[in-house]
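Notes follow the structure.
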Amino acid sequence: MYRYTDFDAAFVAERNAQFRAQVERRIDGSLTEDEFKPLRLMNGLYLQLHAYMLRVAIPYGTLNSAQMRQLAYIAERWDKGYGHFTTRQNIQFNWPTLRDVPDMLDALAEVQMHAIQTSGNTIRNVTADHFAGAAADEIADPRPVAELIRQWSTDHPEFQFLPRKFKIAVTGSPNDRAVTKAHDIGLRMVRNDAGEPGFEVIVGGGLGRTPMIGKVVRDFLPEADLLPYLEAVVSVWNLLGRRDNKYKSRIKITVHEHGIDDIRARVEERFALLRPAFTGVDQQLFAQIKSDFEPPAFKDRDVAPFDQAYANDPVFRSWADTNLSAHRAPGHAIAQISLKAHGATPGDATADQMRIMADLAERYGYDELRISHEQNVVLPHVHKADLPAIHAALKAAGLATANIGKISDIIACPGMDYCALATARSIPIAQEIATRFDQLKLEHEVGDLKIKISGCINACGHHHVGHIGILGLDRAGVENYQITLGGDHTETAAIGQRTGPGFSAEEIVPAIERIVDTYLSERDSADEAFIDTFRRVGMTPFKTALYGESDKKQKAA
Amino acid sequence: MPAIFTPKVITANALLEGDVVYLTRNDTWSRNLMDADVLTDEADAQIRLIDASARTDEVVGVYLADVSAGSDGPKPTHFREAFRMRGPSNYPHGKQSEAL
């Protein structure tokens with residue numbers, strides 16, 4: 001894992017001292033809210049519906065046990081004993097008071113964490129595949145790239161007042177688990193015909209009010225050209241981006257308005273100017289960063305304890321079948337810890353649960369944890385022989401729900417239970433859907449199905465790319481939920497299609513049930529996943545299940 | 001005929017704690033909607049809003065929220081205001097947990 005250099009530590013300490021002074025000046029009246037707001041946002045501090053909220057970056061979703069324990073400490077010392085993991089690999093604390101935030105930031109700095117650029121019109125926390133460095137299908141670990149981008153983008157003088165926020169995601173696997181096509185820039189690590197490493201650069205993706213799938217702006221960018229090329233893209237947008245209209249300011253609109261060919265030409269022109277200014281220091285830095293991400297020394301041991309538990313313990317078997325993924329090293333597995341117990345708040349973990357996950361990572365997992373954009377925690381490197389013990393410990397902590405990728409593994413934004421921007425609640429809908437399908441005992445019968453819920457058009461809950469997407473709106477003073485079907489967050493990314501009119505809070509769970517029933521009756525076999533059935537049969541049977549036959553058809557019949 | 005003015009309260013978030021507060025008849029801030037001064041005259045509401053908005057050392061984000069005025073005090077008319085008055089629905093945190 002990356003360790004802060006003296007420079008990094010000094011930078012974070014100075015920033016924290018500055019923010020402490022800014023908070024004091026806000027409290028003593030020297031700063032107005034208008035003056036203070038951009039400063040607090042640059043340090044991850046929001047004012048939400050009921051309280052302040054501190055958003056802490058978990059760069060590329062990677063944590064060690066000491067960091068996870070410190071998050072638990074912060075949750076207990078200054079919050080209400082829990083934290084909320086988000087779709088951007090951040091953690092949010094929902095109840096800090098203004099006076100306490102500088103102390104919270106200092107506590108984070110003790111374990112080399114911060115909240116810088118988790119908000120505001122800057123380049124945000126860089127996200128990456130949560131299986132980075134572990135996945136069997138990986139070409140290269142994306143985290144050194146993400147760390148290089150973090151260092152380049154942090155406090156970058158040209159990019160502190162961008163037209164709008166800017167999000168970058170990196171994947172090192174052909175199977176995209178980082179939703180790269182829904183980011184301002186998505187980077188896919190690839191190799192060219194000569195076997196040299198580089199990137200496919202995708203630009204102009206994004207969800208929100210105007211969802212767009214990103215377009216390829218460069219199909220092969222040599223590895224050494226990364227930073228000058230990124231700088232070219234961001235600076236072209238920095239000049240062209242629509243500062244006059246918040247809803248047209250993201251790069252997806254710039255790309256849409258100018259066309260990808262025009263943007264490509266402008267970026268290449270700018271890149272030609274910038275490239276010579278990068279003298280290779282970035283590549284020396286990159287080489288150092290890479291050495292921090294050397295894989296652990298995986299030990300090859302007997303997997304008999306795993307096989308025995310798998311054969312004899314049906315609860316363990318169910319969890320292993322659902323929550324484990326293929327690891328690159330023999331005898332190892334990637335274990336996902338579901339933060340989606342049926343009826344619980346998606347993405348929330350208590351301080352006790354955080355400590356248990358930290359203990360397991362330290363004892364069995366080479367001291368590594370990951371946070372996924374799907375709001376779960378990952379033990380990226382565990383030996384299969386240790387999985388029965390890990391499962392038992394998780395079970396005792398209420399963390400052994402066997403539902404990864406299933407209907408109750410729902411992404412949900414905080415919605416109107418916390419968020420000042422929300423137009424409806426998300427969390428209770430997620431809780432009710434998960435509880436309902438658990439009661440029906442249909443979860444494993446239904447198989448892989450991604451439900452994603454956002455409580456407003458900004459789409460933090462990724463509803464556009466959910467197999468079933470739910471968008472909460474305010475319709476004449478009543479919560480109303482629109483459904484989209486057929487979204488896809490992977491390398492075959494697609495925006496879901498709206499089914500039709502929305503449903504009330506009382507109607508939405510029965511509506512989801514009708515969709516699932518339709519899938520079960522339409523699928524050609526138990527092997528055909530929801531998304532494949534939808535692609536084969538289209539919207540019609542689902543529409544009929546939701547809204548009945550149209551009047552016209554009824555009259556004709 | 002002029003449009004009927006919906007009764008309103010002045011609300012904001014407290015600077016230090018960030019929690020929801022309401023302006024009372026005595027121009028103090030209360031955590032409890034029951035204590036809020038219900039404004040039934042539009043001109044009066046606008047003046048009170050301007051004065052309250054100037055109190056930037058105490059509160060953030062001052063605005064007028066619709067209420068229905070009843071014999072047992074003001075009640076929110078929009079669900080957003082109902083959540084602000086109560087707290088989140090997934091945990092018993094916020095105002096609903098505080099003895100009022």
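The values are calculated or read from the model by the stated rules, or taken from the named source; none is laboratory data. Since this is a predicted model, take the numbers as computed values, not measurements. Because the Cβ atoms are built from the backbone with ideal geometry, glycine has one as well, and the counts that use them run over all protein chains shown. Ligands, DNA and RNA are excluded from the accessible area calculation, which covers all protein heavy atoms including side chains. Shrake-Rupley method; radii C 1.70, N 1.55, O 1.52, S 1.80 Å.
Structure above, values below:
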read-out	value
Boolean, A:Ala434 is part of a helix (DSSP H, G or I) and out of contact with any Lys or Arg (no Cβ under 7 Å at 6 or more places or on another chain)	no
Entirely in the range A:474-557, the helices (runs of 4 or more DSSP H) that have 1 or more residues that are under 28 Å from the mean Cα position of the chain (by Cα)	A:505-522, A:530-537
Hey, A:Leu230 part of a helix (DSSP H, G or I), outside the structural domain of A:Ala493 (by TED's automatic domain parsing) and under 25 Å from the mean Cα position of the chain (by Cα) or not	yes
Restricting the range B:1-17 to residues that are within 14 Å of another protein chain (Cβ to nearest Cβ) and in contact (Cβ under 8 Å) with a residue 12 or more places away in the chain, the residue that is surrounded by the most Cβ atoms within 10 Å (Cβ to Cβ)	B:Thr11
Enumeration of residues in the range B:5-17 that are more than 12 Å from B:Ala65 (Cβ to Cβ) and in a strand (DSSP E or B)	B:Asn13, B:Ala14
Inter-residue pairs, beta-carbon under 7 Å, first open to solvent by less than 40 Å² (accessible area, probe 1.4 Å) and in the range A:18-39, second of a type in the set (Val, Ile, Thr), 6+ apart	A:Val23/A:Val101; A:Glu33/B:Thr56; A:Glu33/B:Val60
Number of the exception - A:Arg242 against (1) within 28 Å of the chain's Cα centre (by Cα); (2) crowded, with 18+ Cβ neighbours inside 10 Å	(2)
Matching option when the condition is crowded, with 21+ Cβ neighbours inside 10 Å, modelled with pLDDT of 95 or more and more than 24 Å from A:Asp155 (Cα to Cα), among A:Ala72, A:Ala57	A:Ala72
Residue ranges of strands (runs of 3 or more DSSP E) in the range A:313-355 with at least 1 members among the small types (Gly, Ala, Ser) and within 22 Å of A:Asn175 (Cβ to Cβ)	A:324-326, A:332-337
Flag if A:Gly61 is touching a strand residue (DSSP E or B) at 6+ places or on another chain (Cβ under 9 Å) and within 13 Å of chain B (Cβ to nearest Cβ)	no
Subset tally (residues that are β-branched (Val, Ile, Thr) and open to solvent by 10 Å² or more (accessible area, probe 1.4 Å)) for the range A:88-115	2
Whichever residue in the range A:406-439 is in contact (Cβ under 8 Å) with a residue 12 or more places away in the chain, more than 13 Å from chain B (Cβ to nearest Cβ) and out of contact with any helix residue (DSSP H, G or I) (no Cβ under 7 Å at 6 or more places or on another chain) and, among such residues, is nearest to A:Gly83 (Cα to Cα)	A:Ile411
Residue in the range A:309-324 that is aliphatic (A, V, I, L, M) and free of Cβ contacts under 8 Å to residues at least 60 places away in the same chain present	yes
All positions within the range B:60-94 that are on the phi < 0 side of the Ramachandran plot, within 7 Å of chain A (Cβ to nearest Cβ) and over 15 Å from the mean Cα position of the chain (by Cα)	B:Pro88, B:Ser89, B:Asn90, B:His93
Filter result for A:Ala13 (in contact (Cβ under 8 Å) with a residue 40 or more places away in the chain and open to solvent by 30 Å² or more (accessible area, probe 1.4 Å))	yes
Number of the exception - A:Cys456 against (1) more than 27 Å from the chain's Cα centre (by Cα); (2) open to solvent by less than 20 Å² (accessible area, probe 1.4 Å)	(1)
Leading residue by the ranking (surrounded by the fewest Cβ atoms within 10 Å (Cβ to Cβ)) among those in the range B:33-59 that are within 14 Å of chain A (Cβ to nearest Cβ) and not basic (Lys, Arg)	B:Ala54
Count of the range A:182-208 residues which are open to solvent by 50 Å² or more (accessible area, probe 1.4 Å) and either assigned to a loop (DSSP other than H, G, I, E, B) or under 23 Å from A:Lys246 (Cβ atoms) (or both)	3
Test: residue in the range A:316-334 that is of a type in the set (A, V, I, L, M), modelled with pLDDT of 95 or more, under 28 Å from the mean Cα position of the chain (by Cα) and surrounded by fewer than 16 Cβ atoms within 10 Å (Cβ to Cβ)	yes
Single condition A:Asn175 does not satisfy, out of (1) open to solvent by 10 Å² or more (accessible area, probe 1.4 Å); (2) in a helix (DSSP H, G or I)	(2)
Scope the range A:276-306; condition touching a residue at least 24 places away in the same chain (Cβ under 8 Å), more than 32 Å from the chain's Cα centre (by Cα) and assigned to a helix (DSSP H, G or I); matching residues	A:Ala277, A:Ala304, A:Pro305
Candidate set: the range A:209-227, residues that are within 22 Å of the chain's Cα centre (by Cα) and closer than 13 Å to A:Lys181 by Cα; chosen: the one surrounded by the fewest Cβ atoms within 10 Å (Cβ to Cβ)	A:Val216
Of all residues in the range B:18-32 being polar (S, T, N, Q) and outside any loop (DSSP other than H, G, I, E, B), the one that is farthest from the other protein chains (Cβ to nearest Cβ)	B:Thr24
Those residues of the range A:86-144 which are of a type in the set (A, V, I, L, M, F, W, C) and not in a loop (DSSP other than H, G, I, E, B), in sequence order	A:Ile91, A:Phe93, A:Leu98, A:Val101, A:Met104, A:Leu105, A:Ala107, A:Leu108, A:Ala109, A:Ile123, A:Ala128, A:Ala135
Among (1) crowded, with 18+ Cβ neighbours inside 10 Å; (2) within 25 Å of the chain's Cα centre (by Cα); (3) part of a helix (DSSP H, G or I); (4) among the charged types (D, E, K, R), the one test that A:Asp8 misses	(1)
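Yes or no, residue by residue, for (1) open to solvent by 40 Å² or more (accessible area, probe 1.4 Å); (2) in the same structural domain as A:Val509 (by TED's automatic domain parsing); (3) among the aromatic types (Phe, Trp, Tyr):
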{"site": "A:Gly365", "(1), (2), (3)": "no, no, no"}
{"site": "A:Val378", "(1), (2), (3)": "no, no, no"}
{"site": "A:Ala389", "(1), (2), (3)": "yes, no, no"}
{"site": "A:Gly405", "(1), (2), (3)": "no, no, no"}
{"site": "A:Cys419", "(1), (2), (3)": "no, yes, no"}
{"site": "A:Ala430", "(1), (2), (3)": "no, yes, no"}
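Here is a yes/no grid of residues against (1) acidic (Asp, Glu); (2) open to solvent by 20 Å² or more (accessible area, probe 1.4 Å); (3) farther than 30 Å from A:Gly208 by Cβ; (4) touching a Lys or Arg at 6+ places or on another chain (Cβ under 7 Å):
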residue	(1), (2), (3), (4)
A:His256	no, yes, no, no
A:Gln284	no, yes, yes, no
A:Pro296	no, yes, yes, no
A:Ala349	no, no, no, no
A:Met357	no, no, yes, no
